[in-house]
1. Enumerate the strands (runs of 3 or more DSSP E) found wholly within the stretch A:45-109, keeping only those where 3 or more residues are under 17 Å from A:K135 (Cα atoms).
2. Consider B:F442 against the criteria (1) in contact with a helix residue (DSSP H, G or I) (Cβ under 9 Å, 6 or more places away or on another chain); (2) within 14 Å of another protein chain (Cβ to nearest Cβ); (3) closer than 20 Å to B:D95 by Cβ: it satisfies all of them except one. Which criterion is unmet?
3. I need a count of the residues in the stretch A:262-301 that are within 13 Å of chain B (Cβ to nearest Cβ), more than 12 Å from A:R191 (Cα to Cα) and in contact with a Lys or Arg (Cβ under 7 Å, 6 or more places away or on another chain).
4. For B:N87, indicate whether it is away from the ligand (no atom under 13 Å from the Cβ), in a loop (DSSP other than H, G, I, E, B) and either modelled with pLDDT of 95 or more or within 14 Å of another protein chain (Cβ to nearest Cβ) (or both).
5. Return the only residue of B:I19, B:I10 being of a type in the set (A, V, I, L, M, F, W, C), under 24 Å from A:N41 (Cα atoms) and buried (at least 24 other Cβ atoms within 10 Å of the Cβ).
6. From B:L495, B:L434, grab the single residue that is away from every other protein chain (no Cβ under 14 Å) and more than 19 Å from the chain's Cα centre (by Cα).
7. Looking only at the stretch B:98-145, which residues are among the hydrophobic types (A, V, I, L, M, F, W, C) and more than 30 Å from B:A71 (Cα to Cα)?
8. Here's a check for you: in the stretch B:60-76, which residue that is in a loop (DSSP other than H, G, I, E, B) and of a type in the set (G, A, S) is nearest to the other protein chains (Cβ to nearest Cβ)?
Amino acid sequence: MATGVVTITDDRSRAFLSGRILEKDDTYILNYAAKHLARTNNDRRHDYGQYGSADPRATICEAWRFPIIDGHYNEIDETEAYHWNEVTFIYRAPQDRPAPDEVAVIGTFAPIYTALPMRRVADTPYFTVTALVPKGEVHTYKYKVDGEFQLDPINPQQTTLDNGAVWSRFFTQGCTQRLSFERWEMDILTRLTDHILPFRTEEGQRFLQQYYESLDRQTKEQRYPGAYRFDESVGVANFIDKLVAREENHHLIDYKICLGEIKSLFRRRNPFVEPHQVPREMYVELYDQMASGNVPGWNYQAYNNPRYFLQLLRRHTITGAFAHPKYGGNAGASGWAYLSERYKDAANPTLFDWRRVLERPLGLDPIYRG
Amino acid sequence: MENQFDVVIIGSGAGGAPIANVLARQGKSVLVLEKGPLFRTQEDTKGLSDFKRDELMATGGEKRIRVNDVANWGESYYSSHVEPDLNDEPHVYRDFDGRDRATIEGYTAQCVGGGTQLYGAVSLRFAPDDFRLKTLNESRNDIRNDPNEDVKREARDWPISYEDLEPYYTIAEQMIGINGTRQNQLKPASQDFYQKPLPPNPISRFVEIGMDALGMKRYRTPVAVITEDHPPSGRKYPGGDAAKTGYVNRYGCPLGLKSNTWVALLRPVSNLPNFELRPNCTVTHLGMDGGGAVRHVHYRDAGGTEGTVEGKIIVVACSAIESVRLLMLSAIRDGEFARRIYQNDLLGKYFLTHCFGGAEAIMPGRFDKSISMDSDWATDFCARREFLQEEGLWAGGAIYNNTSDQCLPISLARTHGSQDIDTIWKSFVEDTSLTGDRLAAFLDENFGTRLSVSFMANQVPLKTNRIELHPTIRDKWGLPSAYIIKTWHPHDRYLMDVFAEQCAQILRFGGDGGKGQYPVYEKGGLYQAENGLARIANHVLGGARFGTDRSDSVLDPQCRAWEFDNLYVTDGSFMPTSGGANPTLTIQANSFRVADILLQRL
Ligand SMILES: Cc1cc2nc3c(=O)[nH]c(=O)nc-3n(C[C@H](O)[C@H](O)[C@H](O)COP(=O)(O)OP(=O)(O)OC[C@H]3O[C@@H](n4cnc5c(N)ncnc54)[C@H](O)[C@@H]3O)c2cc1C
């Protein structure tokens, strides 16, 4: 259980406190380790195309879950606690050699050059430590195993720094930093998702505008830590950027190829306008062509099934628009707000009272903490 | 670490936990080994719960089937955070085309509390006639769609009657914590421990009207969610509508208001020195001692390390498919175990689920369905003997409405056109017309307007419906996976059609104030689903049935394996027929009964 008490007021002191260690009990650690890591069968059953052919992660179930990113709570200051995540690192000692004496994690989330020592869970191959990290951030880290630095052998997320060095990476909830896509890719993606969602109907547009304007800065800050980009419709592109960086990394390649295809298609169809600024009708046309599977000018050698990409995009878009905002979409809970605004009658101010059972400050439930 | 116990119980769900609770309170030393994690409530952690009100926990990111040798290799699946991973621990079934496919159906939930963590918590008793279907059908010759008279041949009476089980139903209802009403049930009760139900969701008014118009006597569905303080488990009810969250079926309850077996039965004894729970430990096989007793329980702990414990009594309660598999895996390792467990050829045979299905309509008006539990109204109309005679049915069932389904936006989309977990998202993904304005129109039409009524009825037991070990496919421990071979009897199909029509009638009469013309959107039975052979409705029963005749059953009337002195099986696998209602309360009641038997011998 987390016992850390943090009382602070602004982002600077948050940065200062990042990396504080919390105690989690063994059960918490083993709850993840048993299902995802423990096994004797080393078939590569968890590779859906996201791993290289020799990557041992293919034998691990949902390797992306590590390090574990969880919510945080303390009874003294709930509102402040809501700005934090608990990040739990788990290192599994290799079976084919003696267990290491010392394992630690070093990373940008903790004070510079400070290695956080990881404790061994008794009678198991697992070493662990849990640190508090603010929401909305991206960090790099490495393990230090008996003095040797190494990448996290479980977490597939890695990033190459400017100096060429490769580090393991994680991001906390409500993150809006781009991880998977270039700016231009985000722009086209945003247009594509807009067309799928109901919000870009004229009525939907009006609603979003009013809704965003009605939230003052403080409300945004409290309910949606991580400063959402309110200029982007419901943040779905951001949700997808995070989803393909982690849970559905195997689909990153679909986006990379297809966004590139769409860009060059639009360039050819309308050379004078940036692809993300071509008129709505062109997106509608493209959409219908993709649905039919027959897109004139599409490079089928590069990607043979544009309809599949559309289907994928639709599932991701709907999920992002209506999932909990911590996943990076549903910005400002605008997806839910859209439904709760749209559906009401004379007797009920809303017929989708989503805030009633969700945690404060996002929701209004007096007991449930998220 | 202690490694000798009076009782070692494998599995902490409906079949295992009642025994653990009773024996621990009576001072016996009890170990519960549970494969899944111990997910905690807010109260347990004094912080956050491991369960969240979060749609992506019920159905997570896309994964792909990568189990060799299955025909659905490469297909997408989306599992919840508490189901086993399909690639790691596949269940395999043989499909219509004779090819094998992996399925996530047939798992309940893999965590402390088992299926009761995720269940809809509908906690009906079986009807007295469900216990004597052989007697009831013996002299009938009006059973439709049964050309070979299989029903007469295969129907079985339970070795215990409703009256035998009744006191234990009462104990279960008291100990678990259930809200509902009693009047109009066809299931007599000696005592009433139901808590007071909360007001129904307004959309359920249509069901009320429909049932009344059809003369179907109704009652508030007993649901295992507390609505008042519950002294036996020490749980407090926060008041008001706190339990009506919409995050019910397929969600664990962060507040512990849903009466899963962890909060209701295990947590209350968890501080006793004679009780131990080891979560994250998968039992791989059982071993005999030199004499005629099962003694050793072998497992893999969270680090994958092998461990062994000993029990004077061993209780297997892994949910039916996994229990049968564990017994079969033990038989592979130990010849003496094999000789005894295969004293006849019935282990794994007569695997059962339920005849299940219903009807759905888009109702007039819109409702906030998220202010709900899983069900509001139920009726035993179709469990009456007159009804069975009129319709030429061998057995009856229960009908109830579902209130919370599709009440949240993502679940509306991902279950659009597909209700089960193998085909989730599929129809929505393929229906590319739902976009922009048309998606808005889809939401307008369906959000907060859909109402479904379900039935749950007996399936004809067939020896050919069975669980085996798969010849080639193995799980993450290198052990053979369960292989499920089943089909629907023609009478099952007929029965599902009859029951679905009854459900549709309720909506037709409910939707237009009793005239019976309201349009019904969809109706049917499980057998019509694309993957109708895999579908199990989360109800995994039979495969080790109990009975009085050792040549006709795997377990004796005490749920002890014939030829073993100390091996008991108490999950749903003991059932010789599947009962005309959701099974869990009956599994729990029977488990309390077995606990009494064990107390007498310890
Ligand atoms: C979404 C959903 C909704 C449902 N709704 C209802 C409902 O409304 N009403 C109703 O009556 N029923 C419902 N059910 C069904 C209900 O969950 C089951 O009937 C019930 O839990 C079965 O009890 P059991 O003891 O057989 O198995 P379980 O309760 O599943 O317990 C089995 C336990 O054994 C563990 N286990 C398995 N193998 C091993 C091993 N090798 N070693 C150690 N542990 C092991 C499992 O992890 C599990 O915890 C629902 C189920 C689901 C999934």
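The values are calculated or read from the model by the stated rules, or taken from the named source; none is laboratory data. The structure displayed is predicted, hence computed values, not measured ones. Every residue, glycine as well, gets a Cβ built from its backbone with ideal geometry; the counts of neighbours run over all protein chains shown.
1. Values: elements: A:68-70, A:84-92, A:103-107.
Because the criterion is at least 3 residues that are under 17 Å from A:K135 (Cα atoms), the strands (runs of 3 or more DSSP E) in the stretch A:45-109 that meet it are A:68-70, A:84-92.
2. The failed condition is (3).
3. Within the stretch A:262-301, residues that are within 13 Å of chain B (Cβ to nearest Cβ), more than 12 Å from A:R191 (Cα to Cα) and in contact with a Lys or Arg (Cβ under 7 Å, 6 or more places away or on another chain) number 3.
4. On the way: away from the ligand (no atom under 13 Å from the Cβ): yes; in a loop (DSSP other than H, G, I, E, B): yes; either modelled with pLDDT of 95 or more or within 14 Å of another protein chain (Cβ to nearest Cβ) (or both): yes.
Criteria met by B:N87.
5. Details: B:I19 fails: under 24 Å from A:N41 (Cα atoms).
None of the other options fit; the residue is B:I10.
6. On the way: B:L434 fails: away from every other protein chain (no Cβ under 14 Å).
Exactly one of B:L495, B:L434 is away from every other protein chain (no Cβ under 14 Å) and more than 19 Å from the chain's Cα centre (by Cα), namely B:L495.
7. Just the residues of the stretch B:98-145 that are among the hydrophobic types (A, V, I, L, M, F, W, C), to begin with: B:102, B:104, B:109, B:111-112, B:118, B:121-122, B:124, B:126-127, B:131, B:133, B:136, B:143.
Passing the criteria: B:V112, B:A121, B:V122, B:L124, B:F126, B:A127, B:F131, B:L133, B:L136, B:I143.
8. Taking the stretch B:60-76 first, the residues in a loop (DSSP other than H, G, I, E, B) are B:60-62, B:65-75.
Still in the running and of a type in the set (G, A, S): B:60-61, B:71, B:74.
Numbers: B:G60: 7, B:G61: 3, B:A71: 16, B:G74: 9 Å.
Among residues in the stretch B:60-76 that are in a loop (DSSP other than H, G, I, E, B) and of a type in the set (G, A, S), the one nearest to the other protein chains (Cβ to nearest Cβ) is B:G61.
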